Every structure is written in C-alpha cells, then in structure tokens.
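One structure below.
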Amino acid sequence: MVETADTPLDGRCPTGPIAERWERRKRELKLVAPNNRRKYNIIVVGTGLAGGSAAASLAELGYNVLSICIQDSPRRAHSIAAQGGINAAKNYQNDGDSIHRLFYDTIKGGDFRAREANVYRLAEVSNQIIDQCVAQGVPFAREYGGTLANRSFGGAQVSRTFYARGQTGQQLLLGAYGALSRQIRSGRVQMFARRGMMDVVVVDGRARGITVRNIMTGEIESHAADAVILATGGYGNVYFLSTNAMASNVTAAWRAHKRGAGFANPSFVQIHPTCIPVHGDYQSKLTLMSESLRNDGRVWVPKNKDDKRRPADIPDSDRDYYLENKYPSFGNLVPRDVASRNAKEQCDQGKGVGSTGLAVYLDFAEAIKRDGRDTIWKKYGNLFQMYEKITASDPMVEPMMIYPAVHYTMGGLWVDYDLMTTIPGLFAIGECNFSDHGANRLGASALMQGLADGYFIIATSVAHYLGTNKFDKASEHDASFIDSRRWVEDRIARILRNSVGGTTGKCTVDEIHKELGRLMWDNCGMARNRQGLEAALAELPRIRETFWNRVYLPGSNKEINQSLERAGRVADFLEFADIMIRDALAREESCGCHLREESQTEENEAKRDDANYSHVSVWEHRGEEQEPLMHKEPLVFEFVTPTQRSYK
C-alpha cells in the first residue's frame, strides 16, 4: 500500500485564457535591473541544449554563470545525438498547423498526463526557437526557393518538423555552443569541464551550491551561488542498454531528490520504435535510427511466422504492413509508444525477423522506386551510412531491421510552472524535469523543450526568484558545504572498500548494471504487470547488496578512474530503480508509454483510468530506512477534453 500525502501539490500555473497565460505571467514576475545582475551568481549543471542555451542566455543578460560540464567540451553533450528534427508551429507548409494544434497534438500524444499551461507555452515559444536558431546560423534544410523545409513526425498529421539532414541535434548544439563560447570569452561564464555533480548544497532551505568531483584528479570541489539550475538529462541508462550516451546518468537529479526535491512520474520511460536491435551479450549501448525514416520507410513483418525467406523474396501479398493496416489515418507515423508496442506484439506472436526474432523490417524500396535513389539518399544518407557501418547491411538494397529500445524519460524532477523544484532556488530544465510530455513524448519535441526552457523561460523564472528574495553571501567554507564534501568523500570510500585484497569472489560494475538492466527491462519496460513489478521490487535489495559487498574497482580516487565513475552512477541507479518500480505499481492504468497489462482495451491498446489517475505522481524521499511518500498534483483540463487516444 502506497502512503500518500493529504495535501495536493500546486503547480502554480497562471489562470485565464490559455493563449494569454505566458504573457500574463511575464508581466507579473519580478525583474532584476541590468546593473544589479552582475551581483548574482548562478550555477548551471549540464551543457547540452537546455544547459548550454540557459548559461548563454543568463550570461548575455549580465549574470555571473558557473557552467558545469561532465565532458571535456560542451560539444560532446548527448544532445548531439538527436537526429530527426525540432517541432515548431510555423505552418510554412500551409497544411493547417497552428500553436493550438501543436499544443493539442502534444497533450494527446502524452495521453493527457501533462499540464495544459506548460504544454501551451511550449507550443507558443516553439516559433521563437526557430527564429533564434536561424539567426545563429543553424543550417536547417531548405526548399528550392530558399524557405525552410519541413517533414512529418509521429503523432501529427501536419509537417512541422524543421531539420538539418540527420544531424539536427548536432547543429542546434553548435549554435548554443557558439553563444556559450561568446560568453566564456567575455568572462561572464566560467566553464568547469570534466566535473561530475555529486550533491546539492541546501542552506536554510534554499539551494545555494553544489559539490562536484574533478574527473581528472579526483578532487572534491564546492561551488556556491544564489541559484542552481540542473540540466542533466534523463535516466534511461538505468536499463543498461539504451540509446543514451554512456555517461548519461541520474546522479544529479537523484542527489537533488535526496536533498528534498520531488521526483515526478519516474516510471514514464519512452521506448523508441526505430533502433538497431540488440546483437550480442557484450553490447554496451544501442543506436537510434531517426523517426524521420518512418516518413518514407514502411514497417512490416512476414504474415506467416514460419516464413524465413530473405525479405526481397517475400511478395507484398505475404507481408503484413501492420501499422498501415491497423492505423490507416496515421500509418507508419503513429506515436512512438504505439509503434513500439505493436512491434513487440508482432515479435511476441513469433513474426519477428533476424537471428533473434526480435526485429521488424523498415523498408525503403517503394520510396526509392517512387522518388529515386538520389532523393532518398539526400534525405537519409548519413543515417543509412551509420546503419551500414554497424550492421554491414545497405538500406538502399535491403530493409533495415529495427526494434524498440529505451530512448527518453518523461519523468524527472517535479517543477512548477516557473521550472522550480520543491527546493527553493533549485530549477530543473530540459529532460531533467517532467513538465511537458506527459506519458509519452512526440518525436522532435525534446529539442523543442530543451531550447524553450534554456533560451526563453528559465531567465524569466530565475529573475523572479532573485528579485523576490534576499541573500546572504554563501561560501564553500560554510558548514553546509563542508558537510556535503565530507558526505561525498565517505560515499566514494565506501564504494572503494571492497577493492582491497584482489578480485577473488568479486564482481564488476558492469555485471551489476547488466543484472539491474535485465530486471528493469523484463518487469518495468514496455509492458508491466503487478506480479512482475512486485517480484522486481523484492529482487532489487539483493542486487543492491551484491553491489555494496562484492563490487571490485581497480585504481584509486586520486586519478582518472572510469570504473569509479560508473560505480557511482550505478549505485544511484540501484536506489532510483526502487521509486521507478513503486511508481509503476501505484499507477494501475495504462497511459502512453506506461502499459499495465491489466488495463487494456479489447484491441490491446492502452486504457487510461481518468477517474483515479489523472494526476502527476510526485515522490518524496524520507530517509534511507523509510519508504518514499507519494504526493499528487491533480491535472485539470479546461481547454482540451481527455479522450481515448485513437490514431486509426
């Protein structure tokens, strides 16, 4: 039985007509005068699209910014991996798009589990993002006449996705990096590269700094500020295999949670339908193939599960184009959760292809015949090259094989409308927060949210916080900072304690991480049920105990030690997995990515329970020996009517 708080959480959203709420909020918020901004220090943790754009924007306004980067350069942030595009309601195609339609598609795509006010603001700001990026020189694809080009993504019947071939994330990140570099040169941004955040420092109930580990030297450092912004991405690597970068982790968000920040909807994890399938036990990550491929690629499996012919030898009459047949209105461009569940269903029926039977075909033969090889290559050539390099198969000649994989996390730190967590002075932006996507993110919306938060929202919110509070000067020599450093050092020493006396009877970090990943994928992955979740919750303490008692790490804390880095992240994943499973257990409905097998329609579609679960589940940490407390933020829909999603 889940213990639930009596008082509901308040997202502090403005009221009134939804199209006027963001402008009204900006008029109401306090400001900081330009000559006073230099008096304030702000820490931004993370240098991807959200963090890089936030640091650049705040410094441009005149604040002193400390930017914390886990890589050697912001250009290596995981945002670089985004391929397909970024959404905006420009309606350049004159196909009926609008801010309201983007708002509705996003709310519906998230299965009506997101705040209306936040999502409308996201749609509203989307157009400004494109203007900003074009002004920076981001090389978006263009039509013959020079206007910006668009293509379609899942969950929409309009073309609103702006793209730079298959490198959209990289090009947008270079734009943000250019803006950030300008501020580094001006001296308003101090860049601290190769630092991993270890803790949030809370003084008198407010976030006043962070503790980090210098990855190169092992030194534990403190940084003090007047506000802290987390832009540290998602937690998909809890599954071990995902499309996330190897360094992606939950540590910053989890440490904030343990200091008092609520964690919202942790079980909402997006499974992307177009990924290169697992091909061996020694694989360390998975590779995404852009959703844009579903514009021209057709998804199919053999109708006969015993059909082992080469795909070219199987005629159309023996193929099941199951998405086109089942969802004629959207076809292959259904949302990601729908496409993923259907791929799993086909493989569960024995119709999967490839050596493992855990794959379906994505076929470009018809598109090549219709538009010509040159046209298809211009659209997707770099993606085809990536696929061929990994699989030794040419998609121009034979179909790709794809299968769903963990890609993005809609859950994250709970934030109010102003993107502030339950710890005053601690903000969370981009994938690190939960705010905009509900139970399923539409394709090309991650880049949109990251840049909306970083370029256009967070500076206004931070100014209001700074303008309404008075601050004593915080110092890394204060007791709270000293205690935080001591806690971090003790935790590292505890992780290393089993590395004395050799490897006999010990295990590696990756062995533990793989075991955790299998447990989560099998029981809290694409489909969940009570029996499996309860079994996972019972098994988790054993894996955690094995980690703390048997894990062996070579090297020391006073040098570059990647095994130690991974061990710290896995230790946090082992704790975080507990609230993921509890959240999935507590939500006895299916919605978006969260499919409870006990809650399906007769056609095996997700079946929501709006009467009991139209809320955000927010978890509060109450100590190591106590179970977490669940808070609820009710979701109120004034401008859309929740309905059973249909893409048929």
Do any of K108/K303; K108/K648; K344/K514; K303/K389 go past 23 Å between their Cα atoms, and which?
K108/K303; K303/K389
Show that you can apply the helix-only estimate: for the chain, add -39,500 (n - 2.57) for every DSSP H stretch of four or more residues, divide by all residues, and state [θ] at 222 nm to the nearest 500.
-11000 deg cm²/dmol
Relative packing of 320-329, 199-208, 4-13, which averages over residues the other C-beta atoms within 10 Å, highest first:
199-208, 320-329, 4-13
Using r as the Cβ-Cβ distance of S329 and K39, and R0 as 56 Å, what FRET efficiency do you calculate, to the nearest 0.05?
0.50
In segment 136-176 the accessible area split gives carbon plus sulfur, as whole percent at 1.4 Å, a share of 45 percent
Would you indicate which of (i) 51, 28, 22; (ii) 40, 30, 27; (iii) 37, 30, 25 is the value of semi-axes √(5λ) of the Cα gyration tensor in Å derived from the coordinates of this structure?
(iii)
Quick one: length gained pulling K473 to M246 fully straight, 0.36 nm per residue minus the C-alpha distance?
78.0 nm
Listed residues F263, F240 arranged by accessible area, highest first, probe 1.4 Å
F240, F263
Given the peptides 140-153, 350-363, arrange them by the average over their residues of other C-beta atoms within 10 Å, most packed first.
350-363, 140-153
Could you give each residue of segment 290-303 its phi-based ³J(HN,Hα) in whole Hz, using Karplus coefficients 6.51, -1.76, 1.60 with θ = phi - 60°, and x for Gly or Pro?
3, 4, 4, 4, 6, 5, 10, x, 10, 8, 7, 9, x, 5
Can you list the HN-Hα couplings for segment 512-529, worked out from phi with the Karplus curve (6.51, -1.76, 1.60; θ = phi - 60°), rounded to whole Hz and with x for Gly and Pro?
5, 5, 4, 5, 4, x, 5, 4, 6, 5, 6, 10, 9, x, 5, 9, 10, 8
Per 0.36 nm of contour for each residue apart, how much would the distance between K30 and S186 grow if the chain were fully extended, relative to their Cα-Cα spacing?
53.5 nm
Quick one: of the DSSP bridges fully inside the chain, what percent are antiparallel, nearest 5?
70 percent
Förster-model FRET efficiency, 30 Å R0, D131 and D609, C-beta, rounded to 0.05
0.15
Can you work out ³J(HN,Hα) from phi for every residue in segment 139-150, in order, using Karplus 6.51 cos²θ - 1.76 cosθ + 1.60 and θ = phi - 60°, giving whole Hz and x for Gly and Pro?
x, 4, 4, 10, 6, 4, x, x, 6, 5, 8, 9
FRET efficiency, 1/(1 + (r/R0)^6) with R0 60 Å, evaluated for A493 and Y144 via beta carbons
0.40
Apply the a/c threshold of 1.5 to the C-alpha gyration tensor of segment 178-233 and tell me whether it is rounded, prolate or oblate.
oblate
With each label point set 7 Å from Cα along the Cα-Cβ vector, what nm distance links D72 and T7?
5.0 nm
The extension gain from A312 to E559, computed as 0.36 nm times the residue separation minus the Cα-Cα distance, is 83.5 nm
Beta carbons within 10 angstrom, averaged per residue: use that to sort the peptides 301-314, 435-448, 86-99, 183-196, highest first.
435-448, 86-99, 183-196, 301-314
Global geometry of segment 381-500, whether rounded, prolate or oblate, following the gyration tensor of its Cα atoms and the 1.5 cut on a/c:
oblate
For the chain, whose charge dipole is built from +1 on Lys and Arg Cβ atoms and -1 on Asp and Glu Cβ atoms, the candidate among A367, Y144, S267 with its Cα farthest towards the positive end is Y144
Residues meeting the amide H criterion for I229 (H placed from the backbone, H to H distance under 5 Å, 5 or more places apart or on another chain) are I43, V44, V45, F427
Which loop-located trypsin sites (Lys or Arg not before Pro) does segment 594-634 contain, where loop means any DSSP state but H, G, I, E or B and the Cβ has at most 14 other Cβ atoms within 10 Å?
R622
Can you list the lysines whose alpha carbon is less than 22 Å from that of K30, not counting same-chain residues fewer than 8 positions off?
K39, K470, K473
Among Y177, A227, Y163 the positive-end extreme of the charge dipole of segment 141-246 (Cβ point charges):
Y163
Is segment 10-133 rounded, prolate or oblate when judged by the Cα gyration tensor, a ≥ b ≥ c being the square roots of its eigenvalues, rounded requiring a/c under 1.5 and prolate requiring a/b larger than b/c?
oblate
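The values are calculated or read from the model by the stated rules, or taken from the named source; none is laboratory data. Keep in mind that this is a model prediction, so the values were computed, not measured. As a convention, Cβ positions derive from the backbone with ideal geometry for all residues, glycine included, and neighbour counts pool all protein chains shown. Protein only, heavy atoms only, side chains kept; ligands, DNA and RNA dropped before computing areas. Shrake-Rupley method; radii C 1.70, N 1.55, O 1.52, S 1.80 Å.
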